[in-house]
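**Q** One structure is given below, represented as structure tokens, and several questions about it will come after.
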Amino acid sequence: MAFGTLFLVKKKLLYGFTLVLLFICTGISIQYFLTGNKIESISFIKLSCLFIFYIIVTLEMIKQVSKAKTIERNVILGLISGYISLGLLAFFMFLTIEIIEPQSFSGIAISSNGQTMLTEQLLYFSYVTLLTIGYGEILPVSDLAQKGAILVALIGQFYLVILTAIVVGKYINQQSK
């Protein structure tokens, strides 16, 4: 989150807002570390802060990549970072769906510390869906989870087709000049 906040340092309003989100998440993490008590409502606040943070950073990355005049290494890295951030957004969305409607996904293995396995497997499912690979070992079974999976797959395809086409087109124009 600190690097994402620094990424927005030139945008005063977004920078201030992400700083507030960073402090909230840090405070919640410190509270959990010191007390060892995981309070469900506070965890949901942290999840919401992270979700909002990644929405802001992802949209800003996509905006900066699409507005770039010349295609250089930092634009390509921004394109890759934007795609990775979309996967994290999908993860937060799927995790929120699982919290709101438990058992929304089938095929998730339960371990002794169930939370760790859930987050790891939902992160995996997020990227498999974003990339539209769809191996099928984890399935969205609730209506909300199915609609979320469709949304993530569509966004992944639109990102690859539209934004990558814009960058490639600018690169070709740049090389022809």
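**Q** Evaluate Rg over Rh across the chain, taking Cα atoms for both radii and Kirkwood's formula for Rh.
**A** Rg/Rh: 1.02.
**Q** Let me ask another. If you place +1 on the Cβ of every Lys and Arg, -1 on the Cβ of every Asp and Glu, and leave all else neutral, what size is the dipole of the range 10-103 about its Cα centre, to the nearest 20 Debye?
**A** Computed charge dipole of the range 10-103: roughly 580 debye.
**Q** Still on this model: What angle do you read, to the nearest 10 degrees and between 0 and 90, between the alpha-carbon axis of helix 164-176 and the longest principal axis of the chain?
**A** 20
**Q** Report ³J(HN,Hα) in whole Hz for each residue of the range 22-34, in order, from the Karplus equation J = 6.51 cos²θ - 1.76 cosθ + 1.60 where θ = phi - 60°; Gly and Pro get x.
**A** 4, 5, 4, 5, 5, x, 5, 5, 5, 4, 5, 5, 6
**Q** May I pose another question? How much of the accessible area of the chain, probe 1.4 Å, is carbon plus sulfur, in whole percent?
**A** 70
**Q** Provide the per residue accessible area, probe 1.4 Å, for the range 55-121, rounded to a whole number of square angstrom.
**A** 53
**Q** Rank by packing, highest mean first: peptides 91-99, 59-67, 11-19, with packing defined as the count of other Cβ atoms within 10 Å averaged across residues.
**A** 91-99, 59-67, 11-19
**Q** Can you tell me the alpha carbon radius of gyration of the range 80-177 divided by the globular rule-of-thumb value 2.2 N^0.38 Å?
**A** Cα Rg divided by the expected 2.2 N^0.38 Å: 1.29.
**Q** Which whole-percent values make up P(r) of the range 49-106 when all C-alpha to C-alpha distances are grouped in 10 Å steps starting at zero?
**A** Whole-percent P(r) values from 0 Å outward: 23, 40, 23, 11, 3.
The values are calculated or read from the model by the stated rules, or taken from the named source; none is laboratory data. A quick note: this is a predicted structure, and the numbers were derived from the prediction, not measured. In this analysis, Cβ positions are derived from the backbone assuming ideal geometry, glycine residues included, and neighbour counts consider all displayed protein chains. Calculation scope for accessible area: heavy atoms of the full protein, side chains included, ligands and nucleic acids excluded. Shrake-Rupley method; radii C 1.70, N 1.55, O 1.52, S 1.80 Å.
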